[in-house]
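Only one structure is covered here, and it is reproduced in the block below.
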Ligand SMILES: Cc1cc2nc3c(=O)[nH]c(=O)nc-3n(C[C@H](O)[C@H](O)[C@H](O)COP(=O)(O)OP(=O)(O)OC[C@H]3O[C@@H](n4cnc5c(N)ncnc54)[C@H](O)[C@@H]3O)c2cc1C
């Protein structure tokens with residue numbers, strides 16, 4: 001445990017790891033320590049679907065720039081291979097289908113392609129471990145099982161970890177849907193637990209008939225919501241459904257094999273089996289969920305902490321965070337180094 005660092009980062013998901021690696025990439029003279037409550041990827045980043053999308057959940061934002069390009073540049077500069085593939089992503093809907101839609105599914109009406117947007121997919125496991133390896137290789141200290149219990153917002157800032165204080169010139173809070181009191185996001189965003197399933201590998205002919213052979217990921221633009229993508233194994237991930245929480249810490253005790261989560265899984269699997277004859281006897285090999293944080297206006301939060309100009313809060317991507325977290329994590333590093341300003345969203 002260091003006694004003093006230039007930069008302390010709280011949270012070891014895509015956001016925190018990207019910022020840690022980028023800080024050392026740009027300025028190897030500055031000390032960086034990342035504190036992760038559990039293990040790297042324990043939050044959304046280790047459970048994500050891996051759809052890589054442009055812009056934000058609120059669309060383009062003033063000064064946001066090209067998220068997909070920025071994401072790809074961080075991967076290239078940090079030498080991370082995460083099977084990034086950008087063939088495009090489909091928006092599916094029940095109305096205004098494209099005449100040439102390769103997808104023709106049944107889900108509360110006919111579900112077909114209504115538009116194609118820039119994007120694709122990445123292997124999230126390779127992304128989270130690639131970022132952690134890059135941060136480690138570049139000399140950032142990564143401390144797992146190191147929950148930041150509180151922060152004394154003095155100058156210097158003093159995060160408390162396992163009863164010890166660390167003095168930090170600046171802090172980045174990248175805790176997403178957890179520790180909302182610490183990050184000051186309790187009144188600005190709502191934490192949810194979202195669910196996903198993966199099927200056993202499908203045969204080539206099933207993939208063809210399903211219309212997903214081009215490996216574009218997909219999400220609906222109307223309700224009921226459904227997103228998904230084809231895996232390299234030829235299984236398909238589908239996601240839908242939110243478990244509402246009274247407090248973010250309810251996630252710690254959530255059991256997905258009983259109660260409402262179990263009912264939601266049964267309902268998603270029923271929907272998927274009815275989507276298309278190719279899926280009628282699909283085997284579901286994985287069921288899981290993870291935290292997401294919905295910002296009140298769907299715009300990610302990227303701002304100074306109300307209690308200190310030396311602390312930055314970054315997160316609340318509203319389920320649209322794979323590319324954005326890495327891209328904005330590197331931007332946060334540039335702000336901490338005084339090389340760039342925060343956006344004005
Ligand atoms: C099931 C699921 C599917 C998704 N699919 C997609 C998708 O296909 N495409 C897409 O764009 N987005 C998707 N998302 C959203 C995306 O995964 C997230 O936006 C992104 O991973 C957020 O990264 P993060 O680093 O900000 O947060 P997280 O990965 O949640 O990291 C926060 C970290 O902070 C740690 N932490 C919390 N409190 C403390 C503390 N006090 N001290 C120290 N550490 C702490 C946590 O343990 C955690 O590791 C999905 C999310 C889920 C859950």
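None of the figures in this text is laboratory data; all of them are computed from the coordinates on show. Worth saying up front: this structure is predicted, and the values here are computed from it rather than measured. Using ideal geometry, Cβ is built from the backbone for each residue, glycine included, and neighbour counts are taken over all protein chains shown.
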> Mind checking the angle between helix 14-26 and the chain's longest principal axis? C-alpha axes, 0 to 90 degrees, to the nearest 10.
Replying inline: 50 degrees
> In whole angstrom, how far apart do the alpha carbon centroids of region 128-173 and region 57-90 sit?
Replying inline: 26 Å
> Roughly what angle does helix 322-336 make with the longest principal axis of the chain, taking Cα atoms, 0 to 90 degrees, to the nearest 10?
Replying inline: 20 degrees
> Which percent of Cα pairs goes in each bin when the distances of the chain are cut into 20 angstrom slices starting at zero?
Replying inline: 32, 55, 13, 0
> If we sort 270-278, 285-293 on the protection proxy, mean other Cβ atoms within 10 Å, highest first, what's the order?
Replying inline: 285-293, 270-278
>> Tell me the angle of helix 67-77 to the major Cα principal axis of the chain, expressed in degrees between 0 and 90 and rounded to the nearest ten.
In response: 60 degrees
>> Can you give the FRET efficiency to the nearest 0.05 for residue 155 and residue 213, using r as the Cβ-Cβ distance and R₀ = 45 Å?
In response: 0.20
>> Out of all Cα-Cα pairs in region 158-287, roughly what percent, to the nearest whole number, are more than 18 Å apart?
In response: 64 percent
> If each Cα of region 111-179 is one equal point scatterer, what is log10 of I(q)/I(0) from the Debye formula at q = 0.13, 0.23, 0.29 Å⁻¹?
Replying inline: -0.60, -1.17, -1.29
>> Please compute, for the alpha-carbon atoms of region 210-327, the extent along each of the three principal axes and give them in descending order in Å.
In response: 56, 36, 27
> How far apart, in nm, are the 7 Å Cα→Cβ label points at residue 273 and residue 116?
Replying inline: 3.4 nm
> Where the Cα atoms of region 94-210 are projected onto their three principal axes, how long is each span, largest first, in whole Å?
Replying inline: 61, 37, 26
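By DSSP, what percent of the beta bridges with both residues in the chain are antiparallel, rounded to the nearest 5? Intermediate values should be presented prior to the final figure.
Numbers: 48 of 68 bridges.
Percent antiparallel among DSSP bridges in the chain is about 70.
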>> Step by step: find N for region 1-147, compute 2.2 N^0.38 Å, then divide the Cα radius of gyration by it. What's the final number?
In response: 1.28
>> Placing one identical point scatterer on every Cα of region 1-58 and ignoring solvent, what is log10 I(q)/I(0) from the Debye formula at q = 0.17 Å⁻¹?
In response: -0.66
